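The values are calculated or read from the model by the stated rules, or taken from the named source; none is laboratory data. Just so we're clear, the structure is a prediction, and the values are computed from it rather than from any experiment. Cβ coordinates were reconstructed from backbone atoms using ideal geometry, including for glycine residues, and neighbour counts include every protein chain displayed.
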């Protein structure tokens, strides 16, 4: 067969289609399975420092956590919000940087802090140990530098629920 003055093998459109179709299917799968982007931030005070926190208040956002985000700035991070007090486990596996975690109860007090770093061949986990309503993840060293410890008060500027 001739197209534009060139001899073309029969069946070439089918072969090109067989190459392009899987790529289109993969792109559609990635678009559908990508976790939702957080839509709001809240300013919160913890240990005397104001933090700009991305709100993770759905199961999908909480499961994603800081995955895909660059390392937070010194006064930034993520606030995980739960519907009711519950024991919470935080896990990091492919996060390329260390983080500090503060577990916060319904009285808006820190009940536990922990520093976490990714494990090259595993998952690091930290559990609140008691029911909490909030978890803050921040840049490693930030909570320690601001003397955030058990009993530290957590406050927000405005409503975020």
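Among the numbered conditions (1) modelled with pLDDT under 95; (2) within 22 Å of residue 43 (Cβ to Cβ), the only one that residue 104 does not meet is (1). Look at region 138-149: where a residue is in a helix (DSSP H, G or I) and a partner is surrounded by 16 or more Cβ atoms within 10 Å (Cβ to Cβ), sitting 6+ places away or on another chain with Cβ atoms under 7 Å, you get 142/100; 143/47; 143/100; 143/102; 143/113; 144/100. Of all residues in region 120-137, those that are in contact (Cβ under 8 Å) with a residue 24 or more places away in the chain and assigned to a loop (DSSP other than H, G, I, E, B) total 6. Could you grab me the full set of residues in region 50-75 that are exposed (fewer than 13 other Cβ atoms within 10 Å of the Cβ) and either touching a residue at least 40 places away in the same chain (Cβ under 8 Å) or in a strand (DSSP E or B) (or both)? Residues satisfying the conditions are 50, 73.
Which count do you get for residues in region 76-119 that are closer than 12 Å to residue 133 by Cβ, touching a residue at least 12 places away in the same chain (Cβ under 8 Å) and not in a strand (DSSP E or B)? So the count comes out to 5.
Identify the residue in region 39-49 that is over 16 Å from residue 140 (Cβ atoms) and either without any contact (Cβ under 8 Å) to a residue 60 or more places away in the chain or surrounded by 19 or more Cβ atoms within 10 Å (Cβ to Cβ) (or both) and, among all such residues, is farthest from the chain's Cα centre (by Cα). That would be 44. It is to be established whether one or more residues within region 23-38 are closer than 21 Å to residue 100 by Cα, modelled with pLDDT of 80 or more and either touching a helix residue (DSSP H, G or I) at 6+ places or on another chain (Cβ under 6 Å) or surrounded by 13 or more Cβ atoms within 10 Å (Cβ to Cβ) (or both). The answer is no, given that none of the residues of region 23-38 is closer than 21 Å to residue 100 by Cα, modelled with pLDDT of 80 or more and either touching a helix residue (DSSP H, G or I) at 6+ places or on another chain (Cβ under 6 Å) or surrounded by 13 or more Cβ atoms within 10 Å (Cβ to Cβ) (or both). So residue 69 ticks every box in (1) at pLDDT 80 or above; (2) closer than 26 Å to residue 145 by Cβ; (3) touching a strand residue (DSSP E or B) at 6+ places or on another chain (Cβ under 7 Å) but one. Which box is left unticked? It fails just one condition, (3). Suppose the filter is within 25 Å of residue 155 (Cβ to Cβ) and surrounded by 14 or more Cβ atoms within 10 Å (Cβ to Cβ); does residue 107 pass it? The answer is no for residue 107.
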